[in-house]
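Engineer: Dumping the structure here so I can ask a few things about it.
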Amino acid sequence: MKIIDDQLIDGVVEQARKSPRLRMNHNFHQSLDDKCHRFLNALEVGTLIPVHHHPTKDETIVILRGKVRVSTYDDDGQVTASVVLSTAAGVYGVDIPKNTWHDVECLETGSVLFETKEGPFVEHEKDGILEIRK
């Protein structure tokens, strides 16, 4: 059994702060080839998970600490929905259907998400990232 507690979360947050990308994953799955990926994603202000989609995979994001904005987009890069996830506000997560363009923006230092989606991991090809100028 793996316990998700303050000690684990604090450690991943510290790694994110030291990372050039200002984010860090802590995987619970054993391999990138596993059928189900489950992980913590610690984010610092200044990092942005760019607009992307998973053509064949649903994704669930639940906030454990902090505050982030999750937005979805149409194929032309126009925002279709946007929500701020925050435990303080009582807005805990989103379930994003497959093939939905989306991004995640960190709004509060030390934010931590629990994410899950189908494996295996596949590097985004050129068409997996939507070019949007904000």
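Engineer: So, of the residues in the stretch 29-49 that are of a type in the set (S, T, N, Q) and closer than 23 Å to GLU14 by Cβ, which turns out to be surrounded by the fewest Cβ atoms within 10 Å (Cβ to Cβ)? Before the answer, list the steps.
Structural biologist: From the stretch 29-49, those of a type in the set (S, T, N, Q) are 30-31, 41, 47; that's our starting set.
Subset that is closer than 23 Å to GLU14 by Cβ: 41, 47.
Numbers: ASN41: 23, THR47: 19.
Applying the filter and picking the extreme gives THR47.
Engineer: Still on this model: For the stretch 1-20, which residues satisfy the criterion of being in a loop (DSSP other than H, G, I, E, B) and within 14 Å of LEU113 (Cβ to Cβ)? Walk me through it before giving the result.
Structural biologist: Going residue by residue through the stretch 1-20, those that are in a loop (DSSP other than H, G, I, E, B) are 1-5, 19-20.
Residue satisfying the conditions is ILE4 alone.
Engineer: Something else about it: What is the number of the single condition among (1) over 20 Å from ARG23 (Cα atoms); (2) surrounded by 14 or more Cβ atoms within 10 Å (Cβ to Cβ); (3) modelled with pLDDT of 95 or more that GLY119 does not meet?
Structural biologist: Among (1) over 20 Å from ARG23 (Cα atoms); (2) surrounded by 14 or more Cβ atoms within 10 Å (Cβ to Cβ); (3) modelled with pLDDT of 95 or more, GLY119 violates only (3).
Engineer: Only residues that are among the polar types (S, T, N, Q) and either open to solvent by 70 Å² or more (accessible area, probe 1.4 Å) or not in a strand (DSSP E or B) (or both): list them for the stretch 50-77, please.
Structural biologist: The first filter runs over the stretch 50-77 and keeps only residues among the polar types (S, T, N, Q), leaving 56, 60, 71-72.
Listed by number, the list holds a single entry, THR56.
The values are calculated or read from the model by the stated rules, or taken from the named source; none is laboratory data. Here the structure is a predicted model, which means the values were calculated and not measured. Virtual Cβ from ideal backbone geometry, glycine too; neighbours counted across all protein chains shown. The protein model used for the area step is the full one, side chains on, heavy atoms only, and it has no ligands, DNA or RNA in it. Shrake-Rupley method; radii C 1.70, N 1.55, O 1.52, S 1.80 Å.
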